[in-house]
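Visitor: The structure follows.
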Amino acid sequence: MSIHAAVDDQLVADRQTLRVASVPAGHVYVRHLSAPGDGITRLPDPPPAAEHLELGQWWPPAMLTSEWVHRHAGDFDVFHVHFGFDALTAGELAAVVDALDQHGKPLVYTVHDLRNPHHAHRAAHDAHLDVLIARAAALITLTPGAADAIQQRWGRRPLVLPHPYVVEFDRMRPRPARDRHVFRVGVHAKSVRASMDPGSVVAALLPLTGELPGLQLVIDIHRDVAEPDGLRHDRALMRLLSNAAASGRIELAVHDCFTDAELWDYLEGLDLSVLPYRFGTHSGWLEACHDLGTAVLAPTCGYYRDQRACLSYRNDDADLCPDSLRAAVRQAYVVRPAWQADPVARTAERADIAAAHRAIYESVLQ
C-alpha cells in the first residue's frame, strides 16, 4: 500500500460518522446518494402509519412529525427532506421545522419538485415550499433551470447536484442490437397521476402509426385505471385506448406496477419513451432511461432538458402542441439517438455526489 493510500484510509477511519435522518431513506434516489467511505449513516425509515403496507413502503414518512423529532433528536445530526410531505398542512410542516430548531438540528432540503406531480393544483405544494425553502439551512436541486427558478422566487440559490444513477450498475449494459425496421414508441400512463395527460398525447401520436413504416406505439397502464372497479378508473381514456388497440393502431398492456426488473426490461424494449406530463420538474424515469440507453421525449414543462439529453415537445399545463410532438417522434425515428450512461462515469458521479452531500452536512453543522 502506498503512503498516500494509507493516509487516505486513516482519514476515512478518523472521519466522524454523520447520522442523517433522510425523508425518506428507502427511495432509490436517496439510497444512491451515498458511496463507500463517505462517513454517512442514514437512519432507516420507521414503519409508516398505514393499514396495508407494501414491501419496502416508506410512505407516509413517520419522521415528518414534531413528535418524532422530539423523541429521536438524539439519534441524528442532520435532517434531510426529499419527498413525502404531500399530506401535511403547511402548519404541520412548520411544526416539524420548529422542533428541529428547538433541538438545534439543521434542515437540508433537496427541491425535487416545484410542482407536485400528484396535485392537480399547486397551492398546497407552494405553501410547503414556502416553509422548507425559507427555513432550510442548505438547499439542493437537480438542474440549473430549477435553481434559477428558486433564486428568482425565494432569493436563495441552491447547490445543483445531478440526479444519481437509478438502475443498478450490474444491470447497466450495452443495449441489445435493435431491428432497424422496427421503432417502438412507448407511453406509460401508470396510474395517471395529476401531472399526466396520456389521452391527449396518445391521440396526437396515433396518426404516425399509418405514416412511419415499422413504428409500433406501445401503451401501458395500470389496472386501477383500466378496470371499471379500479380506484382511478378513467372511462374516456380507456375507451380511446381500447378502440385504438382493437383497430391495431397500438399495443395496449394493462398490468399492476412493474417490479424494478420488469421496468428495466420494458424500457430496454423501447426505442423512445414519451413522457406524457403536462407539468412537472425532474424525472427519475428519465434517469432510468439514461442508464439503459432508451431515448426520451420529454415535455417543455419543468427542467427535463437540463437534467439529461432528451428530445422535447411543447406541453405545459393546457398547452399541448400535437405538431411538435409528432415532429419530435419523426426526428427520433430518423436519427435514432443513442444516449446512454457510462457505468464508469456514473460510478465517479456517485462518489462526487456523496462527497458533495458530506460537505453540505458538515457545513450546516458548523
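The values are calculated or read from the model by the stated rules, or taken from the named source; none is laboratory data. Values in this document were obtained by computation on a predicted structure and should not be read as measured data. For neighbour counting, all protein chains shown are included, and Cβ atoms are generated from backbone atoms with ideal geometry for every residue, glycine included. These area figures cover heavy atoms from the full protein model, side chains too; ligands, DNA and RNA do not enter into them. Shrake-Rupley method; radii C 1.70, N 1.55, O 1.52, S 1.80 Å.
Visitor: Which residue is nearest to residue 323 (Cα to Cα), if the candidates are limited to the range 203-248 and must be hydrophobic (A, V, I, L, M, F, W, C), open to solvent by 60 Å² or more (accessible area, probe 1.4 Å) and over 27 Å from the mean Cα position of the chain (by Cα)?
Guide: Once the filter is applied, the top-ranked residue is 236.
Visitor: Where the second residue is open to solvent by 20 Å² or more (accessible area, probe 1.4 Å) and the first is free of Cβ contacts under 8 Å to residues at least 40 places away in the same chain and lies in the range 159-173, which pairs have Cβ atoms under 6 Å and are six or more apart or on separate chains?
Guide: Pairs that qualify, where the first residue is free of Cβ contacts under 8 Å to residues at least 40 places away in the same chain and the partner is open to solvent by 20 Å² or more (accessible area, probe 1.4 Å), are 160/144.
Visitor: Just checking, how many residues over the range 112-169 are open to solvent by 30 Å² or more (accessible area, probe 1.4 Å) and more than 19 Å from the chain's Cα centre (by Cα)?
Guide: Going through the range 112-169 one residue at a time, the tally reaches 16.
Visitor: Of the residues 217, 231, 286, only one is assigned to a helix (DSSP H, G or I), in contact with a helix residue (DSSP H, G or I) (Cβ under 8 Å, 6 or more places away or on another chain) and at negative phi; which?
Guide: 286
Visitor: Every residue in the range 172-187 that is open to solvent by 60 Å² or more (accessible area, probe 1.4 Å) and more than 25 Å from the chain's Cα centre (by Cα), please.
Guide: Within the range 172-187, 176, 177, 178, 179, 180, 181 qualify.
Visitor: Next up: How many of the residues in the range 273-310 are over 13 Å from the mean Cα position of the chain (by Cα) and hydrophobic (A, V, I, L, M, F, W, C)?
Guide: The qualifying residues number 10.
Visitor: Could you list all residues from the range 254-280 that are outside any helix (DSSP H, G or I) and open to solvent by 30 Å² or more (accessible area, probe 1.4 Å)?
Guide: Answer for the range 254-280, where residues must be outside any helix (DSSP H, G or I) and open to solvent by 30 Å² or more (accessible area, probe 1.4 Å): 254, 256, 257, 258, 259, 278.
Visitor: Let me ask something additional. Mind checking which residues of the range 150-191 are farther than 17 Å from residue 282 by Cα, assigned to a helix (DSSP H, G or I) and in contact with a strand residue (DSSP E or B) (Cβ under 7 Å, 6 or more places away or on another chain)?
Guide: Residues satisfying the conditions do not exist here.
Visitor: Okay, next question. If you take just the helices (runs of 4 or more DSSP H) that sit entirely in the range 303-366, which of them hold at least 2 residues that are farther than 18 Å from residue 285 by Cβ, among the β-branched types (Val, Ile, Thr) and open to solvent by 50 Å² or more (accessible area, probe 1.4 Å)?
Guide: 322-335, 343-365
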